[in-house]
Amino acid sequence: MRAAVAIADRVYVLDDGRIVYSGAAAGFAQDEERVRALAGASAETWSQAEFS
């Protein structure tokens with residue numbers, strides 16, 4: 001997900017086929033609480049995956 005957010009202009013998060021969030025990718029990536037709530041992952045989890 002981090003790679004997608006890094007190259008995207010906008011983010012859309014779907015839940016059961018419904019858009020539950022849409023907005024600028026840069027703002028989404030910087031809002032850790034929103035990322036955890038909507039994507040189910042923390043920055044720590046992402047950074048660990050990047051180095052695996």
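The values are calculated or read from the model by the stated rules, or taken from the named source; none is laboratory data. Please read these numbers as outputs of a predicted model, since none were measured by experiment. In this analysis, Cβ positions are derived from the backbone assuming ideal geometry, glycine residues included, and neighbour counts consider all displayed protein chains.
For the range 4-15, the criterion of a residue being surrounded by fewer than 11 Cβ atoms within 10 Å (Cβ to Cβ), at pLDDT 85 or above and in contact with a strand residue (DSSP E or B) (Cβ under 6 Å, 6 or more places away or on another chain) is satisfied by no position.
For every residue, the table says whether it meets (1) over 17 Å from A3 (Cβ atoms); (2) modelled with pLDDT of 80 or more; (3) over 11 Å from the mean Cα position of the chain (by Cα); (4) not in a helix (DSSP H, G or I).
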{"site": "Y21", "(1), (2), (3), (4)": "yes, yes, no, yes"}
{"site": "F28", "(1), (2), (3), (4)": "no, yes, no, no"}
{"site": "E33", "(1), (2), (3), (4)": "yes, yes, no, no"}
{"site": "R36", "(1), (2), (3), (4)": "yes, no, no, no"}
{"site": "A41", "(1), (2), (3), (4)": "no, no, no, yes"}
{"site": "W46", "(1), (2), (3), (4)": "no, no, no, no"}
{"site": "A49", "(1), (2), (3), (4)": "no, no, yes, no"}
{"site": "S52", "(1), (2), (3), (4)": "no, no, yes, yes"}
